[in-house]
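Presented below is the structure to which this report refers.
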Amino acid sequence: MKEQTNVADVGEGGAPEQAGARELLLETASQIMREGDQVDISLSELSLRSGLNSALVKYYFGNKAGMLGELLDRDMVAIIKSVEALLAKDHMSPEAKLRQHIARCVDTYFAFPYLNRLLMRLVRDSDPAEAKRIADKYLLPLNKAYDRLISAGVKAGVFRPIDPQMFYFTVTGAADRFFSARLVLRHCFDQDTLTEELRDRYREHTVDFIMAGILAR
């Protein structure tokens, strides 16, 4: 087992001498939630799995909620950056952009199946200022992006007029529900592992299914 880092073991800059301790705590928390299909962790398990003193959670993040908030920031950035990049690609058609975005959402939720549940928990449990920060940083940008993508497709004659807010719930729900339902896979389909093959099948199914509902033809 790794030697545990003590909060007192800091260098001149005030940071623990063990390199990457902050990132290791976040990644270990992510692994625990992925493996346990949950959105909570115990500090004792975090300490055992990471080999770090659990007091470092307070040192780096203030408390466990602060750590979970930073984990959300780390993991949600992939979706936000990908949709912003798509909006900037003038050479791509609205249909190609939306297909790529839905596929990227499925891949992200496969990597971080706890993501939407963690987001909802933090919005629910945080103080109003933090809840608004989360909404402004992640929920509103996605809704605005969907409004632009759908409007461009309607203007081009390839999409039916669709409510962007409802579209957000459709995409998020489709990506989140499947990868957070291992108990259903286990008890109904005798499958307990979210494999890459299963991800690829679900990605193709979800993209085709959602696009069939929005395409004008």
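Would you mind finding the one in L98, L139 that is assigned to a helix (DSSP H, G or I), touching a helix residue (DSSP H, G or I) at 6+ places or on another chain (Cβ under 9 Å), of a type in the set (A, V, I, L, M) and modelled with pLDDT of 90 or more?
Answer to the selection: L98.
Any idea which of (1) in contact with a strand residue (DSSP E or B) (Cβ under 8 Å, 6 or more places away or on another chain); (2) open to solvent by less than 60 Å² (accessible area, probe 1.4 Å) is the one Y59 doesn't satisfy?
Condition (2) is where Y59 drops out.
For the structure I just gave you, tell me whether A85 is touching a Ser or Thr at 6+ places or on another chain (Cβ under 9 Å), of a type in the set (G, A, S) and assigned to a helix (DSSP H, G or I).
no
Just checking, does segment 173-184 include any residue being modelled with pLDDT under 90, part of a loop (DSSP other than H, G, I, E, B), open to solvent by 30 Å² or more (accessible area, probe 1.4 Å) and polar (S, T, N, Q)?
no
With the checklist (1) under 30 Å from A152 (Cβ atoms); (2) open to solvent by 20 Å² or more (accessible area, probe 1.4 Å); (3) in contact with a Phe, Trp or Tyr (Cβ under 8 Å, 6 or more places away or on another chain) in hand, flag the one item D37 doesn't pass.
Only one criterion is unmet by D37, namely (1).
I need a count of the residues in segment 74-110 that are closer than 26 Å to D37 by Cα and open to solvent by 40 Å² or more (accessible area, probe 1.4 Å).
Number satisfying all stated conditions: 6.
Looking only at residues in segment 62-73 that are more than 30 Å from A145 (Cβ to Cβ) and touching a helix residue (DSSP H, G or I) at 6+ places or on another chain (Cβ under 8 Å), which one is surrounded by the fewest Cβ atoms within 10 Å (Cβ to Cβ)?
Ranking the candidates gives N63 first.
Does D40 fit the bill of being more than 22 Å from the chain's Cα centre (by Cα) and modelled with pLDDT under 90?
Spelling it out, it is not the case that D40 is more than 22 Å from the chain's Cα centre (by Cα) and modelled with pLDDT under 90.
When residues of segment 153-167 are filtered for being surrounded by 11 or more Cβ atoms within 10 Å (Cβ to Cβ) and among the basic types (K, R), how many remain?
Result for segment 153-167: 1.
Mind checking whether some residue in segment 114-132 is assigned to a helix (DSSP H, G or I), under 18 Å from the mean Cα position of the chain (by Cα), among the hydroxyl-bearing types (S, T, Y) and surrounded by 16 or more Cβ atoms within 10 Å (Cβ to Cβ)?
no
The values are calculated or read from the model by the stated rules, or taken from the named source; none is laboratory data. Every value quoted in this text rests on a predicted model; they were computed, and no experiment measured them. Every residue, glycine among them, receives a Cβ derived from its backbone with ideal geometry; neighbour counts consider all protein chains shown. Note: areas computed on protein heavy atoms with side chains; ligands, DNA, RNA excluded. Shrake-Rupley method; radii C 1.70, N 1.55, O 1.52, S 1.80 Å.
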